[in-house]
Amino acid sequence: MNKKSSPNKGSRTGRAGRSQAANSETRAEALITVAFDLFAERNFASVTIKDIANAAGVNTALIYYYYDNKEGLFRATLENAIGEIFAAFETLETNVNDPPLVIDEWLRIHHAQFSTVQKFVKVCLDYKGAADSDPVIDAAIVSFYEKERRLLADAIRDGIEIGLFRKVDPVELADQISTHLDGIMVRAVIVSGYDLKAGIYGFSKIVWEILGYTPEAAFSAAE
């Protein structure tokens with residue numbers, strides 16, 4: 001019998017192929033996790049492929065199998081972090097059309113996913129301080145802030161249109177929210193004992209005051 005036409009052979013090959021693909025994806029994700037932690041712990045310039053390989057317990061050749069170079073792996077860590085940060089929000093955005101809830105959820109995410117957000121901000125700062133830059137990496141960083149601006153500005157604009165919020169410049173306020181949240185993330189790292197939840201809660205009260213809105217169930221420092 002022709003092996004290519006054997007259903008049993010094809011079935012085994014298909015299962016093996018899917019298993020290999022899953023294992024390959026798992027290894028690639030594991031490398032991203034290890035690399036992201038190293039980049040956050042140290043900085044982009046000082047971390048080498050060999051450092052990542054040693055931390056992951058693999059040969060450097062395996063890293064080059066998945067990624068062309070350190071820049072490619074670094075870009076993958078940023079894209080993965082961005083995906084994690086927005087994942088919870090995108091689920092909410094798909095099911096809820098409520099401008100105050102959109103803003104509130106974005107504030108909650110910065111507390112619930114502090115570790116990922118903080119590492120993302122730190123590695124971006126370290127990378128920007130490096131002598132060399134990569135246009136693709138720069139674009140990945142910019143994409144995060146553009147997506148955040150669009151998300152917040154749309155919610156503010158929608159709230160204004162239905163009469164919930166005071167008339168403000170949606171883009172300008174979105175940028176201010178983004179900037180201050182980054183500052184809170186950095187402060188939580190450099191100031192020992194800083195209460196992140198209280199910091200976000202205090203900032204949320206300022207945002208609602210600017211918008212002239214009193215939420216029924218907003219982010220609370222007591223949660």
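The numbers here are math on the coordinates, done by the rules we state, and not lab data. Only a predicted model underlies this, so the values are computations on that prediction, with no experimental measurement involved. Note that we place each Cβ from the backbone using ideal geometry, even for glycine, and neighbour counts take in every protein chain shown.
Some points to look at:
- Taking only the Cα atoms of region 97-223, the ratio Rg/Rh comes out at 1.00, with Rh defined as the Kirkwood radius.
- Taking 7 Å steps out from each Cα toward its Cβ at K167 and D51 produces label points 5.3 nm apart.
- Stretch gain in nm, segment D132-I206, where the contour uses 0.36 nm per residue and the Cα spacing is subtracted: 22.8 nm
- Put a dot 7 Å past the Cα of A112, heading toward its Cβ, do the same for Y213, and the two dots end up 1.8 nm apart.
- Across K122/K147; K50/K128; K128/K205; K50/K197; K70/K197, pairs whose alpha-carbon gap is larger than 29 Å: K128/K205; K50/K197; K70/K197
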